[in-house]
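J.: Mind having a look at this structure? Questions to follow.
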Amino acid sequence: MNQPITFKTVAVLTLSGFLLAACEPAQEQEAVDPDPTETVTVPEPGEADTDTDTEETADETDTLSQNMLDWLPMNEDTAYTYSGTGSEFAEYQSYPQFIHNDTLQFVETNASTETVKIYEYTENEVREVFTRAETYFRDDFVDTGLNSSEQDQLEILLQAPVEIGRSWDSPSGSVSEITDANVEVETPAGTYSALEITRTLNDQSDKLYYAKGTGLIQTISDVDGETEIISSLSNIQEDAAEEIPLTLYELNEMATALTTTNATMELRTNDPARLQLTEMLNGSTGDMTIPTLTENVQINYLYLGNDQIAHVDFSEELINDMNAGSGIEALLIQSLVNTIGGLYQVDEVLLTVEDAPYASGHIAMEEGQTMSVDLSSVE
């Protein structure tokens, strides 16, 4: 960033004035006006030297890290809690779900919804590339390729060079600027030295404070010049897991209907949901009285498609180990469909075995044929 420089010029006497003073030492010397085109600037008593201030500001800027990961770190298994005032949405929690070399997927949970976001990192920029509200399941969206409905309204969070005065425009229409550095910010979690970024969009102005190695520590939003909403970091919990509740459907004791059991998946960063769900369904976690799967069955993949259908593929043992009559087999398959459909909050599930339609001696599905969530057999 270019710093303003003030040039100081001191008026001097002309050569003829010096000669006159030398020749007539006993006479009163006549004042000689300086060149009228020359600017005379006399510092006031106690005025700081501008050049020195410029050098100090430059030194301060040079110490700011240019590493994007310092300001928006990827911290695994770390839950961030923010307290807030001014809005019910000011209080929220954040947890990193999946971390890749250049992306961070995390979930923000507030009083009314869970929103999944993805940040993409380059050497010179951190950009929000995905956001999806009302997301109560866990998929690695970088791998599954689920589209974001708000793709054109996303933000550039930070852009190099990291220095005071740096500004940029985002696809959302907002304008951001680094307005200060080394700002002392007090939060319930502690006091931090932070980078200040001011973001403006329409009638709203946000000040976002990032601490090196920690990330976002505070947000102050001014809405319409009247309402102030503040979110401040209140707690950092390391070695934490994300909890995802779900309803498991299983056979009743007589194997004549389905019953429900409430359970909770505890997933750490980069844990795929399908692995723990498999353990729940085969009885390894103790959540089910009558397991739906045998210990040999694996879930090969599990995700929500852009068609809003839950896709699940099982290993061949799902059929080979079934060993049940047609009625019980139908209930077991329905229990799987209900559990997975409930997890993703959808009505249709495409269930396959080794990428082929489900086909046993009793049930045969066609290519692409889905199964519907059906609660009529639930007690």
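The values are calculated or read from the model by the stated rules, or taken from the named source; none is laboratory data. This structure is a prediction, so every number in the text was calculated from the model and none was measured. Using ideal geometry, Cβ is built from the backbone for each residue, glycine included, and neighbour counts are taken over all protein chains shown.
J.: Within the range 92-113, how many residues are in a strand (DSSP E or B) and more than 9 Å from the chain's Cα centre (by Cα)?
T.: Of the residues in the range 92-113, the ones in a strand (DSSP E or B) are 92-99, 103-109.
With the extra rule that they be more than 9 Å from the chain's Cα centre (by Cα), the set shrinks to 92-93, 97-99, 103, 109.
Looking only at that region, the number is 7.
J.: Let me ask something else. Suppose we filter N147, N75 for residues that are within 25 Å of A310 (Cβ to Cβ) and of a type outside the set (S, T, Y); which single one remains?
T.: Of the residues listed, the single one that is within 25 Å of A310 (Cβ to Cβ) and of a type outside the set (S, T, Y) is N147.
J.: While we're here: Can you go through N252, N282 and tell me which one is closer than 30 Å to S326 by Cα, out of contact with any strand residue (DSSP E or B) (no Cβ under 9 Å at 6 or more places or on another chain), in contact (Cβ under 8 Å) with a residue 12 or more places away in the chain and among the polar types (S, T, N, Q)? Can you show your working first?
T.: On the way: N252 fails: out of contact with any strand residue (DSSP E or B) (no Cβ under 9 Å at 6 or more places or on another chain).
Selected residue: N282, the only one of N252, N282 that is closer than 30 Å to S326 by Cα, out of contact with any strand residue (DSSP E or B) (no Cβ under 9 Å at 6 or more places or on another chain), in contact (Cβ under 8 Å) with a residue 12 or more places away in the chain and among the polar types (S, T, N, Q).
Residue-wise test of (1) under 22 Å from T198 (Cα atoms); (2) among the hydroxyl-bearing types (S, T, Y); (3) not assigned by TED's automatic domain parsing to the domain that holds V346.
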position	(1), (2), (3)
E88	no, no, yes
T113	no, yes, yes
K117	yes, no, yes
V126	yes, no, yes
D139	no, no, yes
N147	no, no, yes
W168	yes, no, yes
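J.: Going through the range 171-200 one residue at a time, which ones are of a type in the set (A, V, I, L, M, F, W, C), touching a residue at least 24 places away in the same chain (Cβ under 8 Å) and surrounded by 15 or more Cβ atoms within 10 Å (Cβ to Cβ)?
T.: A181, V183, V185, A189, A194, L195, I197 - these are the residues of the range 171-200 that are of a type in the set (A, V, I, L, M, F, W, C), touching a residue at least 24 places away in the same chain (Cβ under 8 Å) and surrounded by 15 or more Cβ atoms within 10 Å (Cβ to Cβ).
J.: Next question. Restricting the search to the range 334-362, which residues are crowded, with 22+ Cβ neighbours inside 10 Å and part of a loop (DSSP other than H, G, I, E, B)?
T.: Residues satisfying the conditions do not exist here.
J.: Exactly one of these conditions fails for L246: (1) closer than 26 Å to L104 by Cβ; (2) over 21 Å from the mean Cα position of the chain (by Cα); (3) surrounded by fewer than 19 Cβ atoms within 10 Å (Cβ to Cβ). Give me its number.
T.: L246 satisfies every listed condition except (3).
J.: For the range 363-378, enumerate the residues that are in a strand (DSSP E or B) and touching a residue at least 40 places away in the same chain (Cβ under 8 Å).
T.: So the first thing to find is which residues in the range 363-378 are in a strand (DSSP E or B), and the list is 364, 371-372, 378.
Once the filter is applied, which keeps residues that are in a strand (DSSP E or B) and touching a residue at least 40 places away in the same chain (Cβ under 8 Å), the range 363-378 yields only V378.
J.: What strands (runs of 3 or more DSSP E), lying completely within the range 114-222, carry at least 2 residues that are over 17 Å from the mean Cα position of the chain (by Cα)? Break it down stepwise before answering.
T.: Working: elements: 114-121, 125-132, 156-159, 167-169, 175-187, 190-201, 204-211.
Fully inside the range 114-222 and qualifying: 167-169, 175-187, 190-201, 204-211.
J.: For I217, only one of the following conditions fails: (1) touching a Pro at 6+ places or on another chain (Cβ under 9 Å); (2) under 23 Å from I230 (Cα atoms); (3) without any contact (Cβ under 8 Å) to a residue 60 or more places away in the chain. What is its number?
T.: Only one criterion in (1) touching a Pro at 6+ places or on another chain (Cβ under 9 Å); (2) under 23 Å from I230 (Cα atoms); (3) without any contact (Cβ under 8 Å) to a residue 60 or more places away in the chain is unmet by I217, namely (1).
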